[in-house]
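To start, the structure under review is shown below, and the notes come after it.
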């Protein structure tokens with residue numbers, strides 16, 4: 001399930017949410033210190049983390065899943081957010097260099113389909129940064145936060161999901177080591193708690209952060225097949241074969257579909 005976009009926005013406007021935004025923004029920026037000249041898409045509810053990139057990247061877009069709803073952002077200047085089907089993104093193939101996923105996979109009806117379409121829109125060598133609730137973490141147990149709703153992941157689960165869809169995981173880290181408390185004591189010393197938690201209880205972190213690169217894999221040549229005609233009874237109906245859909249394959253032993261039929265209105269970059 002998805003939290004409503006209004007609920008997520010209100011969380012990030014709260015004292016606890018502002019601390020979360022600061023801590024996660026620092027980690028995201030540490031991993032992506034320079035996106036100059038690149039096109040970046042935030043998928044899910046990524047707008048709290050897109051502002052540092054807005055004046056640096058060539059283009060920034062914020063895609064919010066239809067189940068979640070959309071919020072106009074930014075308040076000043078042209079809007080960059082739009083409502084999308086999370087497995088049918090309105091962009092051409094290989095059109096962006098970076099995709100940030102946050103508050104996306106946990107509530108997706110079909111996480112594999114979402115990641116497959118992210119693979120499609122990424123340029124060769126493009127990178128995706130996935131931020132998901134940590135299955136073993138404390139934040140995934142607190143339903144009053146966006147991290148406590150939907151399907152959390154372990155490090156191995158999200159890494160395997162990316163590998164299965166022709167991504168090469170690089171950095172696999174945890175973040176948000178501060179306890180999910182609303183007390184002034186914890187919020188007032190959140191950075192100290194976060195530093196201590198990263199050393200003392202890293203497995204209880206709120207989120208798993210994985211950066212992965214789009215991998216291009218040539219389909220394996222199955223070799224020459226011998227076609228043997230089958231005997232068909234004379235009275236059996238012989239309907240015309242249905243037209244085959246055009247599907248591109250990229251990979252996993254030549255059987256992984258990357259493209260698929262969906263109705264999309266393409267955004268001009």
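The values are calculated or read from the model by the stated rules, or taken from the named source; none is laboratory data. Everything numeric in this text was worked out from a predicted model, so none of it was measured. With ideal geometry, Cβ positions are generated from the backbone for all residues, glycine too; neighbour counts draw on all protein chains shown.
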Top-ranked residue of segment 52-83 - restricted to ones that are touching a residue at least 24 places away in the same chain (Cβ under 8 Å) and part of a strand (DSSP E or B), ranked as farthest from the chain's Cα centre (by Cα): 59
Residue 108, sole failed condition from (1) buried (at least 19 other Cβ atoms within 10 Å of the Cβ); (2) over 24 Å from residue 165 (Cα atoms): (2)
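Can we say residue 115 is surrounded by 20 or more Cβ atoms within 10 Å (Cβ to Cβ) and assigned to a helix (DSSP H, G or I)?
Working: surrounded by 20 or more Cβ atoms within 10 Å (Cβ to Cβ): yes; assigned to a helix (DSSP H, G or I): yes.
Considered against the rule, which asks whether it is surrounded by 20 or more Cβ atoms within 10 Å (Cβ to Cβ) and assigned to a helix (DSSP H, G or I), residue 115 comes out as yes.
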Complete set of residues in segment 156-189 that are outside any loop (DSSP other than H, G, I, E, B) and surrounded by 22 or more Cβ atoms within 10 Å (Cβ to Cβ): 158, 162, 167, 175
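Residues checked against (1) in contact with a strand residue (DSSP E or B) (Cβ under 7 Å, 6 or more places away or on another chain); (2) more than 23 Å from residue 180 (Cβ to Cβ); (3) modelled with pLDDT under 95:
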| site | (1), (2), (3) |
| --- | --- |
| 13 | no, no, no |
| 21 | no, no, no |
| 59 | yes, yes, no |
| 67 | no, yes, yes |
| 77 | no, yes, yes |
Among (1) surrounded by fewer than 20 Cβ atoms within 10 Å (Cβ to Cβ); (2) part of a loop (DSSP other than H, G, I, E, B); (3) touching a helix residue (DSSP H, G or I) at 6+ places or on another chain (Cβ under 9 Å); (4) at pLDDT 95 or above, the one test that residue 91 misses: (1)
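So, in segment 142-155, how many residues would count as being exposed (fewer than 14 other Cβ atoms within 10 Å of the Cβ) and modelled with pLDDT of 95 or more?
So the answer is 0.
From 130, 99, which residue is within 21 Å of residue 4 (Cα to Cα), at pLDDT 95 or above, in contact with a strand residue (DSSP E or B) (Cβ under 8 Å, 6 or more places away or on another chain) and assigned to a strand (DSSP E or B)? I'd like the intermediate steps shown before the answer.
On the way: 99 fails: within 21 Å of residue 4 (Cα to Cα).
Unique residue meeting the criteria: 130.
Given the criteria in contact with a strand residue (DSSP E or B) (Cβ under 8 Å, 6 or more places away or on another chain), on the phi > 0 side of the Ramachandran plot and either surrounded by fewer than 22 Cβ atoms within 10 Å (Cβ to Cβ) or modelled with pLDDT of 95 or more (or both), does residue 37 qualify? Even if it seems obvious, please write down each step before you answer.
Details: in contact with a strand residue (DSSP E or B) (Cβ under 8 Å, 6 or more places away or on another chain): no; on the phi > 0 side of the Ramachandran plot: yes; either surrounded by fewer than 22 Cβ atoms within 10 Å (Cβ to Cβ) or modelled with pLDDT of 95 or more (or both): yes.
Against the criterion (in contact with a strand residue (DSSP E or B) (Cβ under 8 Å, 6 or more places away or on another chain), on the phi > 0 side of the Ramachandran plot and either surrounded by fewer than 22 Cβ atoms within 10 Å (Cβ to Cβ) or modelled with pLDDT of 95 or more (or both)), residue 37 does not qualify.
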For residue 100: the one exception among (1) under 30 Å from residue 201 (Cβ atoms); (2) more than 14 Å from the chain's Cα centre (by Cα); (3) crowded, with 23+ Cβ neighbours inside 10 Å: (2)
Segment 204-222 - residue that is touching a helix residue (DSSP H, G or I) at 6+ places or on another chain (Cβ under 9 Å) and at pLDDT below 90 and, of those, nearest to residue 103 (Cα to Cα): 217
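Take the residues of segment 23-50 that are in a helix (DSSP H, G or I), in contact (Cβ under 8 Å) with a residue 60 or more places away in the chain and in contact with a helix residue (DSSP H, G or I) (Cβ under 8 Å, 6 or more places away or on another chain): which is farthest from residue 82 (Cα to Cα)? Steps first, please.
We begin by selecting, within segment 23-50, every residue in a helix (DSSP H, G or I); these are 23-31, 47-49.
From the residues that got through so far, the ones that are in contact (Cβ under 8 Å) with a residue 60 or more places away in the chain too are 23-24, 27-28, 31.
Then keep just the ones that are in contact with a helix residue (DSSP H, G or I) (Cβ under 8 Å, 6 or more places away or on another chain); that gives 23-24, 28.
Working: 23: 26, 24: 23, 28: 22 Å.
Looking at the filtered set, the residue picked out is 23.
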